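In what follows, a structure is listed as structure tokens, so that the remarks can point back to it.
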Amino acid sequence: MESLNRIKNVILVLSGKGGVGKSTLSTQLALGLAAENHKVGLLDVDLCGPSIPRMLNLEQCNIHQCDDGWLPVYSNSHRNLSVMSIGFLLDNKNDPVIWRGPKKNAMIKQFLSDVVWGELDFLIIDTPPGTSDEHLAVVTTLKGMVTGAVLVTTPQAVAVADVQRELTFCRKTGIPVLGIVENMSGYVCPHCSECLLLFSQGGGEDLAKQENISFLGNVPIDPNLAECCDGGKNFLQIFANSQAYDSIKNIISKI
Ligand code: ADP
């Protein structure tokens with residue numbers, strides 16, 4: 001696994017459920033770390049629902065091959081952020097990927113061994129929800145090379161219960177847990193700046209305390225963040241005066 005020897009930190013972003021903001025957080029972590037001049041790779045192993053190309057406005061990009069393997073795609077806002085996703089390999093970007101485990105396994109192995117990542121300070125891996133073929137492929141291919149996992153949840157009790165399963169997965173597979181992020185934690189009213197608690201709050205923090213792991217922070221619902229992700233814009237560059245910006249920067253400082 002020579003291509004991985006030059007990567008200092010490998011970080012998995014996990015969640016028990018879909019739609020809790022795992023790809024959003026992966027993207028913001030990658031952009032934030034790149035803005036701090038780190039060399040960052042972002043690998044999207046959500047083979048059935050790749051959203052990273054869109055979030056980074058790279059949807060029209062394709063992968064090129066060189067003698068050493070596949071060249072990743074570089075972000076428009078930061079040349080020190082390289083990206084790989086199944087989305088770059090599909091002829092039609094709307095085609096579904098309908099693969100069984102062994103094929104997914106082979107694709108992920110290829111992403112990890114055949115991509116010319118070069119020297120990286122961080123490789124952020126955005127995974128699909130749950131603990132399935134993709135996760136096992138990453139864990140078995142990387143054997144002991146994962147620095148740690150960031151577990152993403154929303155404040156509701158059901159989402160928190162799902163994150164507990166991710167925690168068990170990490171423990172069983174020997175992946176260190178960097179901590180929990182509670183996303184969509186309240187809504188900051190754009191008129192009065194008061195934070196409204198749409199769901200309950202503090203579930204992620206309570207779980208972190210209960211399990212004796214770090215709580216990395218909470219990110220409020222911010223319509224600008226959703227809009228930037230949908231439109232492939234760099235939220236951290238455009239909305240630096242927001243509570244969500246502060247929250248994301250605070251999480252990055254703990255990684
Ligand atoms: P997942 O990867 O867990 O399936 P996504 O990152 O794709 O979830 O997020 C689902 C949707 O929620 C996206 O449209 C995203 O823009 C939006 N979203 C995620 N986090 C926030 C947030 N803190 N504020 C506003 N919208 C968010």
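Since every read-out is calculated from the coordinates, none of them should be taken as a lab result. Everything quoted here is computed from the prediction, not taken from an experiment. Positions of Cβ are generated from backbone atoms using ideal geometry, with glycine treated the same way; all protein chains shown enter the neighbour counts.
Tabulated data for the structure shown
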quantity	calculated
Rel. contact order, % - alpha carbon contacts under 8 angstrom, at least six apart, the stretch 77-176	23
Stretchable slack from Asp121 to Asn92, in nm (0.36 nm times residue separation minus alpha-carbon distance)	7.2 nm
Dipole of the chain, positive end: most advanced residue of Met107, Thr154, Gly203 [Cβ charges, Cα centre]	Met107
Inter-part distance where the stretch 63-101 and the stretch 8-44 are each reduced to a Cα centre, Å	16
Student exercise, the stretch 2-179 dipole from Lys, Arg, Asp, Glu Cβ charges, in Debye to nearest 20	460
Cut-off 12 Å between beta-carbons: net charge of the residues surrounding Ala240, Lys and Arg +1, Asp and Glu -1	0
Under 14 Å, Cβ to Cβ, from Ile108 - net charge with Lys/Arg +1 and Asp/Glu -1	-1
The chain: mean projected area of Cα convex hull, nm²	12.9
Cα gyration tensor category, rounded, prolate or oblate, for the stretch 76-141 with a/c compared to 1.5	oblate
Stretch gain in nm, segment Asn57-Ala226, where the contour uses 0.36 nm per residue and the Cα spacing is subtracted	59.5 nm
Local electrostatic count, Glu182, Cβ distance below 12 Å [Lys/Arg +1, Asp/Glu -1]	-2
Antiparallel content of DSSP bridges confined to the chain, in %, to 5	20
Alpha-carbon Debye profile of the stretch 141-248, log10 I(q)/I(0) at 0.13, 0.20, 0.24 Å⁻¹	-0.55, -1.04, -1.21
Full-extension gain in nm, Lys8 to Cys192, via 0.36 nm per residue minus C-alpha separation	61.9 nm
